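Since every read-out is calculated from the coordinates, none of them should be taken as a lab result. The structure displayed is predicted, hence computed values, not measured ones. We place every Cβ from the backbone using ideal geometry, glycine too, and count neighbours over all the protein chains shown.
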Amino acid sequence: MIGFISKVFAILGKDLTAEIRSREILSGMFIFALLVILIFNFAFELQRGELASLAAGVLWVTFAFAGVLGLNRSFVLEKDRGSLEGLLLSPVDRGAIYLAKMLGNLIFILVTEAILVPLFAFVSNLALPLLPLLPVLLLGSLGFSAVGTVFAAMATSTRTREIMLPILLFPVVVPVVIAAVKATEVVFGGRDLSSVADWLRILIAFDVIFTVVSFLTFEYVISE
Amino acid sequence: MAERGNRGVEVLGGLSLLSLAGALAAIFLYAPTERVMGIVQKIFYFHVPSAWLAYLAFFIVFVSSILYLAERARGFSISLLIRLFPPARASLRSWVKARPWDRLALSAAEIGVLFATLVLITGPLWARPVWGIWWTWDARLTTTLILWFIYVAYLVLRANIDDRERRARFSAVLGIIGFLDVPLVHFSVEWWRTTHPGPTVINPAGPSLPPEMLQTLMLSILAFTLLFFYMLLHRLRLERMRDEVEELKTALEVSGTA
């Protein structure tokens, strides 16, 4: 068990070190996310009117798009540089590889959100209810990267690669998007988390089911 | 052997033809015309069976995806235990044994997408005169649409992988994840909004339909289900033949190079 956990962290550490040195995934996700928000700003005139309800949707659409970008890179790098074969040859449980990759993707998404959300609140003069917002961001991003990691591993081995991932991922994460947007909307409206308990329950159910299923099926997705 | 299989399929085909004719007669001659909606309501007898079969088909995809992966895992671990064959040959053998499940998953997914498409076409045709709109983001409509997207993605995924063994593995994983997603999609969309007519057949207070309509619906469901299995068997046979052709081609190539 301890061996398993240390292997997870070893792989995760490798991914984080690579990212800290190259910064290509995070910088790409972040600039892309800023551009999406900029376009939304022109499309909806975010300064006026029903900002609280629009803001939640804008933020989660942005996270979803930026997340797909990051997920795609996470396995393209492994494949193109041949490090996936190295991982598969090493005596590591496939589940450990899954957890490490999933946590890495989750961290990338969370870091992007951590910069983006305050920035968005600042630019659009929105009060930032940080404490109730945290669990929503965490649960939503976890669900997204739980299935996203499996689908990204699959998409990288298909002929169309990057195009395949959103086609696989977006229909399946619809519950996450709906629940996260609704919960974020309520939180931005100034109410506390108890009024969004149902949505949090859907997020938790999604996270638990798909982390377990992805953990169990991941070996079929990466074995060659 | 092929002959005997064929006869069973033909009998099923004849039965589904007969029951479809019976259902059509019942729909237009026996069942009363609904007082408010008029003749448009008859689309209900096509809409509901299609929806049922789409869900049945996706359930078949789910089960055969699990069985496919389980059969592979079993074959692989047994042969590893014996250690008689090199791993490459062992995994090839387990793949051949598991392959019928992959064929079933593919066949059911294709027919399921067909029926889900029929649901999405017949729904708006009914909704336009009754609700006054073609489409609304109601819980059941949205759930069906998202299901349709998931299984279209399933077919797109298969079309984008050349290696047959990998195609089977990947699509099995999607077949499992996609179906487990159905209740979550349903609940989240339902809490989001709903206007679809409530359940008319399975209802705690008993069916809310007049008996003639209910009988017609049941006959129509039976006919569509027979048709579904007839199509499924044909689709399976086609896929089996395709696999045989592939095997013959490989055998020819091997003997050609030797």
Computed [θ] at 222 nm, deg cm²/dmol, the protein assembly as shown (DSSP H ≥ 4; -39,500 (n - 2.57); rounded to nearest 500): -29000 deg cm²/dmol
Counting all C-alpha pairs of region B:7-54, share separated by more than 14 Å (%): 62 percent
By average C-beta atoms within 10 angstrom, highest first, the peptides A:105-113, A:188-196: A:105-113, A:188-196
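What percent do you get for the relative contact order of chain A when only Cα pairs under 8 Å and 6+ apart count?
Reported as a whole number, the value is 26 percent.
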Estimated FRET transfer efficiency when R0 is 60 angstrom, pair A:ASN41-B:ASP162 (beta carbons, to 0.05): 0.90
Viscosity 1.306 mPa s, temperature 10 °C, Stokes-Einstein D of region A:2-222 from Kirkwood C-alpha radius, µm²/s: 88 µm²/s
Cα-derived Rg to Rh of region A:150-189, Kirkwood definition: 1.22
Shielding by partners - mean other protein chain Cβ count within 10 Å, residues of A:55-65: 0
Radius of gyration and maximum dimension Dmax of region A:122-224, Cα, Å: 16.0, 51
Bins of 10 Å from zero: percent of alpha-carbon pairs in the protein assembly as shown: 4, 17, 25, 24, 18, 10, 3, 0
Karplus-derived 3J(HN,Hα), 6.51/-1.76/1.60, for each residue of region A:130-142, Hz, glycine and proline x: 4, 5, x, 6, 4, x, 5, 4, 5, 5, x, 5, 5
